[in-house]
Structures are given as structure tokens and as C-alpha cells.
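Asker: Please read through the structure below; I'll follow up with questions.
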Amino acid sequence: MFGLIGHLTSLEHAQAAARDMGYPEYADEGLDFWCSAPPLMLDQEITVKSLTGQVIKGRYVESCFLPEMLATRRIKAATRKIINAMAHAQKHGIDITALGGFSSIIFENFNLKQIERIRNIRLEFQRFTTGNTHTAYIICRQVEQASAKLGIDLSKATIAVCGATGDIGSAVCRWMNAHTDVQDLLLIARDRERLNALQTELGRGRILGLDEALPQADIVVWVASMPKGVEIDAESLKKPCLLIDGGYPKNLDTKVQAPGVYVLKGGIVEHSLDIDWPLMQLVNMDAPGRQLFACFAESMLLEFEKWHTNFSWGRNQITVEKMEKSGAFRSSMASNRS
Ligand code: NDP
């Protein structure tokens, strides 16, 4: 059994989802209500079938975390949401659970691994995976495929990674460095020390501020942990420019529209058969029956493989080999079983 721990993107989103999911009594509740709400496991079991008939089952756990909790410094509430959702998943016997969106970021940033026990449950961290390896792999493949389609030659291209020092961002940089002949890498984040360490590790890359980097980039990968999207001036971008938005909530404001600017939702995968679930409709996926976040897909791949282990864990430890492995899981599912 696989599990998915997720959350909605804002209070407004949570209120609309409560209405849509048949909980109208919660639709007008404010942030305080969500801060005190316990995790909720949806009743409906998720069934995922491959083309050759292998079937896996899973459950979704809504943590009731909202990004506004971080923005308003309700840190205790935010951390409680994640750890309680993990305990809830484990209590229900789930073998491998993905920590979606901000769940893994909160787990890492607030060092939740030191909390080993929740009431009578001793957390077994090997039952959880951040899903970041597969997310980074999918984003890199999107860069390679979409740039080829747009006629952007990587060997002449500059890629800017916003959130470069993060778990996903650093993996994207490692892949671009090892797997492509990209001409230039621009590294964007706020903490200078971590930027320097990444630059040393890669042996390349220019550290720039966002405003300086964007006009130079042919491709921009957004994987910053931003509770709200940012507005950017499309006029300042190169044409063509490929923007891959891998954040959840999305880092880019939907208004980034200009001729020659191509915005792609990043870190999204498409299954070959429909999955009967309401979840992806709630997050406005273009094809909600088949598309899902790559981090969720990682726990499904691990369940298909019966690899009940924390494949992605810790911060900035994603290797190119692991990304290739997650890609191999995906293709073995497509060629042998699906
Ligand atoms: P991390 O916390 O590990 O890294 C976040 C990065 O963003 C760091 O480099 C951080 O550096 C940088 N950052 C944060 N705020 C800013 C800012 N205002 N300006 C510039 N840089 C900033 O996060 P992850 O790598 O785990 O996740 C990245 C994003 O991907 C998140 O939005 C997450 O929700 C999303 N995600 C998407 C998935 C999917 O399936 N599509 C799966 C998992 C995550 P610094 O603090 O120094 O600025």
C-alpha cells in the first residue's frame, strides 16, 4: 500500500476544496480552524493499474497544513500537521508514503527527525520518501525535451535555477552538469554560503540575483520553496525563453504571458491509464485522471517495485545515479508492466 501526504495551496483553496469535497461546514472556517484540524485520510482507496494489469492500492492523507501557517509564523502548527499526518499514515499500515509539497521541506527545515514518537507510535522513517528524486528527474527530462522542441540548443544555452541550493534544485544542477553540455548555469537562492558550497561541488555555475539572472537565461527552472507565486516581468526575458515551474504552490504567477515565453508546469507526470480519484481535479491539473505530481508518482513507483524504503531522504543528497534509477523504474513500468 502506498500513501500520499498532501496539502492545499492556500486558505482560499482549502475553503473551496472543503465545499467541493462535501464538507460545507468547514468552507467558511479561517486559518485557526486549519491550525487545529487533525490529519484526514480520505475514505476512497486509490487504485492504480498498469497496462498489463498490475494493480497497487494507496491512500491520500490531507495534512491540513496551509502555506499561510509559515507566512504567519505558526510554526508549531505547521510542524504538528506534518508529523501527525506521518503518524496517521503509519498507523494505517501504509508501507511507503510520499511527503508532498511543503511536507518534506517542513520536515527538514524544522528537523522533525528528532521527533521519533507521536503518542504511542514510534515513527519508522524508512516508510517515507520525499519524492524529490523523481521530481528532479522529471524536471530535467522536461528541460531536455521542451528545449529540443523549442529549438533551444543546450550547448549554447544558459539555464538559471531559482532555488538552486534546495534538494530538488541542487539535483537539477547536478544532472545538467553531468548529463548535458549546457553552456552556462546560473545559481539563484538567498543563502550565499550554500550557494558557494554548491558552486564548489559543481565546479562551475555563476551565482547571481534573480533580476540579473533572468534576462540572461534561455531556460529558467523554478524550484524555490515559496509559499506564494512571484510576479516577473515577461518583457525582461529572452525570447524564446522556457520557464519550468516546479514549485508547489506554483512559483510563477499565471500572468507570465508574452510571445516567445513558454511556461511549463514542472514535476508533473502522466500515467498511461486513468486513476479514479478526485485529487488532481482539486489542484487544477490539466488532465486530472492521469496527471499527478512526480513526488506522489515516486511512492507509486516504489510500491510497484515493492521497494518499501525511503528512496529520497535528507537534504541535497540526490545523486545523478539515483535520478537515473527513478527513470529506470518509470521505463520498466512502461515496458514490462504498463
Ligand atoms: P528546499 O527547501 O530544499 O529548497 C528551496 C530552495 O529555494 C532553496 O535553494 C532556497 O534557498 C530557495 N529559496 C527559498 N525562497 C527563495 C526566494 N524567495 N528566492 C530565491 N530562492 C529561494 O525545497 P525542495 O527542493 O524540497 O522543493 C522545491 C519546490 O518544489 C517547493 O516549492 C516544493 O513544494 C516543490 N515540490 C514539487 C514537487 C512535485 O512533485 N512537482 C515535489 C516536491 C516538491 P534560500 O533559502 O537560501 O533562498
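The values are calculated or read from the model by the stated rules, or taken from the named source; none is laboratory data. Note that the structure is predicted; figures quoted are calculated from it, not measured. Cβ atoms come from the backbone with ideal geometry, glycine included; neighbour counts cover every protein chain shown. Protein only, heavy atoms only, side chains kept; ligands, DNA and RNA dropped before computing areas. Shrake-Rupley method; radii C 1.70, N 1.55, O 1.52, S 1.80 Å.
Asker: Quick one: which residue in Gly266, Gly314 is over 30 Å from Ala18 (Cβ atoms) and within 17 Å of the chain's Cα centre (by Cα)?
Answerer: The unique qualifying residue is Gly314.
Yes/no matrix, rows are residues, columns are (1) within 13 Å of the ligand (Cβ to nearest atom); (2) buried (at least 18 other Cβ atoms within 10 Å of the Cβ); (3) in a loop (DSSP other than H, G, I, E, B):
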position: Ile152; (1), (2), (3): no, yes, yes
position: Ser155; (1), (2), (3): no, no, no
position: Ile159; (1), (2), (3): no, yes, no
position: Ala164; (1), (2), (3): yes, yes, yes
position: Ala171; (1), (2), (3): yes, yes, no
position: Arg174; (1), (2), (3): yes, yes, no
position: Ala178; (1), (2), (3): no, no, no
position: Ala197; (1), (2), (3): yes, no, no
position: Thr200; (1), (2), (3): no, no, no
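Asker: Taking the condition of being open to solvent by 10 Å² or more (accessible area, probe 1.4 Å) and in a helix (DSSP H, G or I), how many residues in region 60-76 meet it?
Answerer: Summing the residues that are open to solvent by 10 Å² or more (accessible area, probe 1.4 Å) and in a helix (DSSP H, G or I) in region 60-76 gives 5.
Asker: Please verify whether region 250-267 includes one or more residues that are without any contact (Cβ under 8 Å) to a residue 24 or more places away in the chain, closer than 14 Å to Ile46 by Cα and crowded, with 18+ Cβ neighbours inside 10 Å.
Answerer: no
Asker: Oh, and also: Look at Ala189 and say whether it is hydrophobic (A, V, I, L, M, F, W, C), away from the ligand (no atom under 14 Å from the Cβ), open to solvent by 20 Å² or more (accessible area, probe 1.4 Å) and touching a helix residue (DSSP H, G or I) at 6+ places or on another chain (Cβ under 6 Å).
Answerer: no
Asker: Please give the number of the condition Asn316 fails out of (1) more than 9 Å from the ligand (Cβ to nearest atom); (2) out of contact with any Phe, Trp or Tyr (no Cβ under 8 Å at 6 or more places or on another chain); (3) not basic (Lys, Arg).
Answerer: Unmet condition: (1).
Asker: Further, regarding this structure: Within region 202-235, track down each residue that is within 17 Å of Cys140 (Cβ to Cβ) and either open to solvent by 30 Å² or more (accessible area, probe 1.4 Å) or modelled with pLDDT under 95 (or both).
Answerer: Residue satisfying the conditions is Arg204 alone.
Asker: Give the residue that is farthest from His13 (Cα to Cα), with candidates limited to residues of region 43-61 that are under 23 Å from the mean Cα position of the chain (by Cα) and without any contact (Cβ under 8 Å) to a residue 60 or more places away in the chain.
Answerer: Across region 43-61, the extreme among qualifying residues is Lys57.
Asker: Also, quick follow-up: Looking at (1) under 17 Å from Val283 (Cβ atoms); (2) loosely packed, with under 12 Cβ neighbours inside 10 Å, which is the one condition that is false for Asp43?
Answerer: Condition not satisfied by Asp43: (1).
Asker: Considering region 309-329 alone, what residues qualify as being under 14 Å from Arg127 (Cα atoms), among the hydrophobic types (A, V, I, L, M, F, W, C) and open to solvent by less than 50 Å² (accessible area, probe 1.4 Å)?
Answerer: Phe311
Asker: Kindly provide the set of residues from region 106-145 that are within 11 Å of the ligand (Cβ to nearest atom) and hydrophobic (A, V, I, L, M, F, W, C), ordered by number.
Answerer: Those that are within 11 Å of the ligand (Cβ to nearest atom) and hydrophobic (A, V, I, L, M, F, W, C): Ile106, Phe107, Ala136, Ile138, Ile139.
Asker: What number of residues in region 84-106 are surrounded by fewer than 24 Cβ atoms within 10 Å (Cβ to Cβ) and over 18 Å from the mean Cα position of the chain (by Cα)?
Answerer: Residues flagged as surrounded by fewer than 24 Cβ atoms within 10 Å (Cβ to Cβ) and over 18 Å from the mean Cα position of the chain (by Cα) within region 84-106 amount to 8.
Asker: If a residue has to be under 15 Å from His7 (Cβ atoms), open to solvent by 70 Å² or more (accessible area, probe 1.4 Å) and outside any helix (DSSP H, G or I) to count, how many in region 17-39 make the cut?
Answerer: 1
Asker: Of Leu301, Leu292, which residue is within 12 Å of the ligand (Cβ to nearest atom) and either under 26 Å from Leu11 (Cα atoms) or not basic (Lys, Arg) (or both)?
Answerer: Leu292
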